[in-house]
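Before any comments, here is the structure.
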Amino acid sequence: ASSTACYALNQLENPSLGGYAFYNNTDPQLPQPYFYLGGIWLAPDYSTLMHYDEPVDRYARKIYGVDNLNNLVGSINGWARYVNASGQTELLPSVYPGQRGEALWLPPTSGQPVGWSLTLINDTNYARPTRWEKVGGTWYAHDLGSLDGLPATSGYAHMNNDAGVTVGKTLVKVGTADAWRAFRTVAYNPIESTNALSLPPLPVADPPLAA
């Protein structure tokens, strides 16, 4: 049996769609009882998920972003990746070498995905909001920081635009408790930069629920 999930579309009038299919595995020689195939559905009929084959031990291949040239981003077994329109996969680095991550969005034309990648501080991992940039054929991971300015704080970059403005969330302390707060950066700058925004929560602690 199989299932599908669609997470992304580009900005064309007849957009390409990015996502993945989930399959139960009946082959005992494969390493997992299930696997994901990430790929793209193309207009006009979207009849086939065009997926990009990887070695069979890479069983979790997910796509979360697609740009106007049909380049894709996502993850493979928990490692952030970029897939160009020809199907060639490139792993995206983490902010701390050798750690995992996921690319969650690819803007229409800039080629700079965002998502999260892990850092390692005192043997503890923290997810950091991350923007990736390719310079001279090499990918670099930019740690976008946190609203509290501390390196041992988790956060995620969920989306950016072609102007380099990024939105997402990071943890902050509210009294003695942790709480998520939304952020918006200025173009190509970290969260702590001047004019970045922390987006406020609801003015009441517990919003009323509809009957």
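A compact table of results
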| quantity | calculated |
| --- | --- |
| Length-normalised contact order for region 59-144 - Cα pairs under 8 Å, 6+ apart - percent | 22 |
| With DNA, RNA and ligands ignored, accessible area of Lys173 (1.4 Å probe; Å², nearest 10) | 130 |
| Value of relative contact order over region 105-170, rounded to a whole percent, pairs C-alpha under 8 Å and six or more apart | 33 |
| Top of Thr153, Thr138, Thr130 by mean-square fluctuation, Gaussian network on the chain, Cα under 10 Å | Thr138 |
| FRET E, pair Asn24, Asn68, Förster distance 35 Å, beta-carbon r, rounded to 0.05 | 0.55 |
| Global form of region 99-163, assessed from the alpha-carbon gyration tensor, a/c cut-off 1.5 | prolate |
| Spherically averaged projected area of the chain from its Cα convex hull (nm²) | 16.0 |
| Under Karplus coefficients 6.51, -1.76 and 1.60, residue-wise ³J(HN,Hα) of region 90-95 in Hz, glycine/proline x | 10, 6, 9, x, 9, 5 |
| Cys6/Thr138 FRET efficiency (R0 35 Å; Cβ-Cβ; nearest 0.05) | 0.65 |
| Surface per residue (accessible, 1.4 Å probe) for the chain, Å² | 54 |
| Relative contact order [Cα under 8 Å, 6+ residues apart], the chain, whole percent | 11 |
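The values are calculated or read from the model by the stated rules, or taken from the named source; none is laboratory data. None of these values were measured; they are calculated from a predicted model. Note that each Cβ is placed from the backbone with ideal geometry, even for glycine, and that neighbours are counted across all protein chains shown. These area figures cover heavy atoms from the full protein model, side chains too; ligands, DNA and RNA do not enter into them. Shrake-Rupley method; radii C 1.70, N 1.55, O 1.52, S 1.80 Å.
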